[in-house]
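Novice: Take this structure, written in structure tokens, and hold onto it; I'll ask about it next.
The values are calculated or read from the model by the stated rules, or taken from the named source; none is laboratory data. Everything numeric here is computed off the predicted structure, so don't read it as measured data. Cβ placement follows ideal geometry from the backbone for every residue including glycine, while neighbour counts extend to all protein chains displayed. Quick note on the areas: whole protein, heavy atoms, side chains included, nothing else; ligands and nucleic acids left out. Shrake-Rupley method; radii C 1.70, N 1.55, O 1.52, S 1.80 Å.
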Amino acid sequence: MRNKAVSLVQVNPKIFELSASGELNVTLEDAGCEAELDEQWSYVGNKSNQRWLWHAVDHATNTVLAYMFGKCKDVVFQKLKALLEPFGIKRYYTDNWGAYERHLDADKHEIGKRNTQKIERKNLNFRTWIKRLVRKTICFSKLELMHDTVI
């Protein structure tokens with residue numbers, strides 16, 4: 001059986017590969033200057049077993065920088081924030097979820113819909129493409145590992 005912690009956390013390895021090979025048109029410093037963060041709700045088995053996808057995308061390129069699965073708790077967001085530290089993000093764009101206000105510096109954090117359009121569009125695309133994320137569906141996951149792997 002796979003280590004559960006390994007399957008729950010991911011930093012986009014393609015960014016590091018392209019940067020090392022010189023194929024990336026922008027540097028990691030440029031790509032990670034601004035990030036959009038959001039959370040998305042789904043469930044496994046039944047609606048009492050909630051799964052939250054917390055993820056961050058680069059504001060300029062809409063590339064997923066990192067993501068984390070877990071409950072809708074501050075601890076999970078802090079783990080995502082730790083994954084984003086190597087990118088040196090100078091500005092975070094989020095919705096009005098309390099965890100963001102509690103754990104992001106006010107001078108680096110902007111709340112609102114104006115700069116979160118890319119990540120919200122990505123959430124909508126996920127719900128359209130992956131039927132397991134639609135609230136009223138017959139396609140749902142029975143195992144957390146399968147749910148996380150599909151997403």
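Novice: I'm trying to understand the selection: among the residues of the stretch 35-58, which are over 19 Å from E101 (Cα atoms) and open to solvent by 10 Å² or more (accessible area, probe 1.4 Å)?
Specialist: Residues satisfying the conditions are W41, Y43, G45, N46, K47, S48, N49, Q50, R51.
Novice: Please specify each residue of the stretch 106-151 satisfying the condition of being at pLDDT 80 or above, surrounded by fewer than 16 Cβ atoms within 10 Å (Cβ to Cβ), closer than 19 Å to T63 by Cα and aliphatic (A, V, I, L, M).
Specialist: Of everything in the stretch 106-151, just one residue is at pLDDT 80 or above, surrounded by fewer than 16 Cβ atoms within 10 Å (Cβ to Cβ), closer than 19 Å to T63 by Cα and aliphatic (A, V, I, L, M), namely L124.
Novice: Go through the residues of the stretch 62-82 one by one and say whether even a single one is over 21 Å from E144 (Cβ atoms) and modelled with pLDDT under 90.
Specialist: yes
Novice: Please go through the stretch 53-77 and give me each residue that is outside any strand (DSSP E or B) and either in contact with a Ser or Thr (Cβ under 7 Å, 6 or more places away or on another chain) or not aliphatic (A, V, I, L, M) (or both), ordered by number.
Specialist: The answer is H59, T61, N62, T63, K71, C72, K73, D74, F77.
Novice: Quickly run through the stretch 90-125 and pick out the residues that are among the β-branched types (V, I, T) and in contact with a Cys (Cβ under 7 Å, 6 or more places away or on another chain).
Specialist: none
Novice: Hey, another quick one. Go through the residues of the stretch 10-20 one by one and say whether even a single one is part of a strand (DSSP E or B), modelled with pLDDT under 70 and hydrophobic (A, V, I, L, M, F, W, C).
Specialist: Yes - at least one qualifying residue is present in the stretch 10-20.
Novice: Taking the stretch 69-99, which residues are open to solvent by less than 20 Å² (accessible area, probe 1.4 Å) and of a type in the set (G, A, S)?
Specialist: G70, A99
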